[in-house]
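To keep things clear, I will list the structure first and then write my remarks on it.
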Amino acid sequence: MAGRLRRRLQNTNAALTDRPDFALVGVLRIPEFESSPWRAIYRRIVIALIVLFVAALVVYVDRDGYSDNQGDDLSFLDAFYYTTVSLSTTGYGDIAPITPSARLVNILVITPLRVFFLILLVGTTLAVLTERSRQAFKIQRWRRNVRNHTVVVGYGTKGRTAVDAMLGDGISASDIVVVDTDQTALDAAANVGLVTVYGSATRSDVLRLTGAQYAASIIVATNRDDTAVLVTLTAREIAPKAKIVAAVREAENVHLLRQSGADSVVVSSETAGRLLGIATTTPSVVEMMEDLLTPEAGFAIAEREVERDEVGGSPRHLSDIVLGVVRDGRLVRVGAPEVDAIEAEDRLLYIRRVSA
């Protein structure tokens with residue numbers, strides 16, 4: 001499947017965003033939670049019976065407009081029989097049941113067997129066509145409504161961990177879009193309930209397909225630093241107001257990411273190296289850092305608005321443990337003199353307790 005999608009992307013000169021929605025099925029996938037197949041069959045049978053009953057009721061109300069070969073008045077059973085053979089496209093032949101018992105058998109036995117045969121014959125084809133149409137409709141609706149979401153480029157170890165952290169902080173899975181060239185990774189993301197896009201995020205049309213131009217934030221978690229730089233350049237071009245956070249392996253590439261437009265850069269190799277070094281002498285510090293970075297239980301680092309009664313006070317005197325103050329988009333540590341007095345527009349970076 002991944003090979004077919006790759007060839008489809010390579011063999012077309014048209015931008016993805018210019019394609020009709022039905023042509024994006026398989027490239028852009030909107031997740032849905034599947035129910036039991038027996039439940040789906042039961043629902044279809046109930047709908048079919050409702051339609052059959054309504055049609056029979058219509059025929060019975062207008063029974064004076066129908067004639068019986070026997071010359072009798074139409075009963076509701078006759079109307080139900082006529083509806084059954086009509087909706088099942090059976091029609092009339094040289095042999096037709098004329099007694100009520102024969103007609104009842106035809107309704108209860110023959111018709112269900114006929115419907116079951118039709119399900120076996122065309123059910124698979126109809127299911128495929130219906131699913132493709134549903135996906136096309138869902139893609140159309142999603143592209144029209146997606147706003148202020150988060151785009152995650154790369155669903156490897158870093159991207160998956162970033163998504164887990166966001167979900168742990170209460171962000172809805174419907175507000176996260178994953179883009180990758182690995183179909184296996186996209187399948188894993190779809191199983192979590194994330195919207196997925198197949199393609200390279202170095203291409204602007206792929207990023208536009210994710211709705212990056214309307215995104216609140218973009219996370220660049222690629223496996224190569226040069227790819228991260230190119231993705232960041234492309235993302236900043238089409239999303240000038242989005243917050244871009246990128247990960248790199250080597251510290252010497254940090255300035256390239258910042259020049260490309262990244263607001264924050266995380267050096268994965270140096271961060272892991274520091275933790276490894278600290279763990280040899282003070283392993284409890286590493287345990288605390290893991291606790292702070294894990295939102296499920298214990299403590300977590302969070303950001304909040306300033307409350308009205310906190311304006312003018314010192315961040316060091318609050319009940320929360322405040323690590324820094326975000327003022328005019330810039331983080332200032334608590335010890336700095338310029339944040340001794342909290343302003344109403346500030347945001348506080350603090351440690352909050354998380355219940356298990």
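The values are calculated or read from the model by the stated rules, or taken from the named source; none is laboratory data. It should be emphasised that the depicted structure is a prediction, and the values quoted were computed from it without experimental measurement. Glycine gets a Cβ as well: all are built from the backbone with ideal geometry, and neighbour counts include every protein chain shown. Each accessible area value is taken on the protein alone, full model and side chains, heavy atoms only, with ligands, DNA and RNA left out. Shrake-Rupley method; radii C 1.70, N 1.55, O 1.52, S 1.80 Å.
Scanning region 233-243 for residues that are more than 23 Å from D182 (Cα to Cα), assigned to a helix (DSSP H, G or I) and not aliphatic (A, V, I, L, M) gives R236, E237. Scanning region 210-232 for residues that are within 10 Å of V177 (Cα to Cα) and in a helix (DSSP H, G or I) turns up just one, A212. Would you be able to say whether some residue in region 241-256 is touching a residue at least 12 places away in the same chain (Cβ under 8 Å) and of a type in the set (K, R)? Checked against the condition, which is being touching a residue at least 12 places away in the same chain (Cβ under 8 Å) and of a type in the set (K, R), region 241-256 yields at least one hit.
Table: residues versus (1) in a helix (DSSP H, G or I); (2) modelled with pLDDT under 75; (3) open to solvent by 60 Å² or more (accessible area, probe 1.4 Å).
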{"site": "I98", "(1), (2), (3)": "no, yes, yes"}
{"site": "L104", "(1), (2), (3)": "yes, yes, yes"}
{"site": "S133", "(1), (2), (3)": "yes, yes, yes"}
{"site": "K138", "(1), (2), (3)": "yes, no, no"}
{"site": "A188", "(1), (2), (3)": "yes, no, no"}
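For region 174-225, the tally of residues that are of a type in the set (F, W, Y) and touching a Ser or Thr at 6+ places or on another chain (Cβ under 9 Å) stands at 1.
When region 196-209 is filtered for residues that are assigned to a helix (DSSP H, G or I), in contact (Cβ under 8 Å) with a residue 60 or more places away in the chain and open to solvent by less than 30 Å² (accessible area, probe 1.4 Å), the ones remaining, listed by number, are D205, V206, L209. If you filter region 149-186 down to residues that are assigned to a helix (DSSP H, G or I), touching a residue at least 40 places away in the same chain (Cβ under 8 Å) and within 26 Å of K241 (Cα to Cα), you find that the one that is nearest to the chain's Cα centre (by Cα) is A173.
Against the conditions (1) surrounded by 12 or more Cβ atoms within 10 Å (Cβ to Cβ); (2) of a type outside the set (S, T, Y); (3) within 24 Å of D169 (Cβ to Cβ), E345 satisfies every one except (1).
I'd like to check which helices (runs of 4 or more DSSP H) are fully inside region 244-304 and have at least 2 residues that are out of contact with any Cys (no Cβ under 8 Å at 6 or more places or on another chain), open to solvent by 60 Å² or more (accessible area, probe 1.4 Å) and among the aliphatic types (A, V, I, L, M). Before you say what the answer is, go through the steps one by one.
Numbers: elements: 254-260, 268-281, 283-293.
Helices (runs of 4 or more DSSP H) meeting the threshold: 268-281, 283-293.
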